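Step one of this worksheet: look at the structure below.
Read the figures in this text as sums done on the coordinates, not as results from a lab. The model shown is predicted, which means the values in this text are computed figures rather than measured ones. Heads up, the Cβs are rebuilt from the backbone with ideal geometry, glycines too, and the neighbour counts pull from every protein chain shown.
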Amino acid sequence: MPELPEVEVIRRYLVPVLLGRVIEQVWVRSAPPVFLTPPRALARRLLGERIVEVERRGKYLLFLLGTGPRLLVHLGMTGQLRLVADEVRRASPLPRGGPIEAMLDRHVHLKLRLSGTGLALLYRDPRRFGRLQWLDAQAKSRRLDRLGPEALTVSGRQLQGAARGRRLAVKSFLLDQHALAGVGNIYADEALFLAKILPTRGVQTLNDAEWRRLSNSLCKVLTAAIQRGGSSIDDYVRPDGTSGRYQTRHRVYGRTGRPCPSCRAPVDLVRIGQRSAHFCSRCQR
DNA sequence: CAAATCCCCTGCAGGC
DNA sequence: TGCCTGCAGGGGATTT
């Protein structure tokens, strides 16, 4: 689900709430394969740590802890980080089916109680494609080290360099996190539309100007999406449960058969590398 | 080495 | 109403 804009929106929301807070209680549900670090060991290590920074790399979030280690979080397709009131309500049970009760369902895998806030941070993930990992103070992470440059700030030259010697569709290239970090299916389609480049084009066929247009389009689309709180299609919500508003601005993603916002021709759909690609065959070349 | 394929999961929409 | 199929924002391991 979440691509770079959604992860960044979550990060910015969490920073003012979490920084300086101590994790004073940890609850885990052992549901493989979410826990790259065994859940009980993860809980033991998180307890008592102070959160000193929250960083993002590609689609990963890193919670930096006071004694040096980090908690690495990837949200997969349906992962959510939610802030909820962590009160004990014995006298008045929660209303059935209410939003808070929904947050305490079987899909919650981790709950961190935050000092001085009355809040808990929940990790919830129905499909369990997300991952949680403890990284020791000096430990290197192969997952992080192998990521390509950040899509938000990548240059045309960098993109071109990463594609050198490769032969694959430009759409597949944008989705390869080792080539470029942060882009997923929505923003790959949107950026290619803005750059007027067909998703099926081989990377070896793009010229300098096209690589430049692509990097500019990536920056433009990702920035606009962050500004509007990300794209809420199905599961994605911000930590307070509210939806993003960029999904209404999608030009081609999820708009198969509907008019291209630029030329009114119907938006096309093809499969590229097992994933759907939306595009306008008139505007994109 | 690079690229294609399969698989991990749940939930939902659409067809019958 | 139920059952079936296909599809979904990700990415890793395995195969070719």
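A few remarks follow.
- GNM on chain A, alpha-carbon springs under 10 angstrom: the most fluctuating residue among A:Ser155, A:Ser243, A:Ser262 is A:Ser262.
- Every helix of 4 or more DSSP H residues in chain A counts as -39500 (n - 2.57), and over all residues that averages to -8000 deg cm²/dmol at 222 nm.
- Partners for A:Lys111 among lysines (Cα-Cα distance below 24 Å; same-chain residues under 8 apart left out): A:Lys59
- Using 0.36 nm per residue and subtracting the Cα-Cα separation, the extra length available between A:Leu19 and A:Lys220 on full extension is 69.4 nm.
- Computed about the Cα centre, the dipole magnitude for chain A is approximately 580 debye when only Lys and Arg (+1) and Asp and Glu (-1) carry charge, each at its Cβ.
- Dipole magnitude (debye, nearest 20) for region A:244-285, charges at Cβ of Lys, Arg, Asp, Glu: 120
- Extension gain (nm, one decimal) between A:Arg164 and A:Thr242, 0.36 nm per residue minus Cα-Cα: 23.9 nm
- Modelled label positions at A:Ser155 and A:Ala265, each set 7 Å beyond Cα in the direction of Cβ, lie 3.4 nm from each other.
- Chain A: DSSP helices with Cα axial extent of at least 18 Å and average Kyte-Doolittle hydropathy no lower than -1.0: A:4-18, A:208-227
- Cβ-Cβ FRET estimate between A:Thr256 and A:Lys140, R0 fixed at 45 Å, reported to 0.05: 0.60
- Region A:189-246 and region A:66-84 have Cα centres separated by 23 Å.
- Across the options A:Ile10, A:Gly58, A:Leu121, the greatest Cα extent toward the positive end of the charge dipole of chain A (unit charges at beta carbon of Lys, Arg, Asp, Glu) belongs to A:Gly58.
- Cross-link partners of A:Lys196 among lysines, defined as those whose alpha carbon lies under 18 angstrom from its own and excluding same-chain residues fewer than eight positions apart: A:Lys171, A:Lys220.
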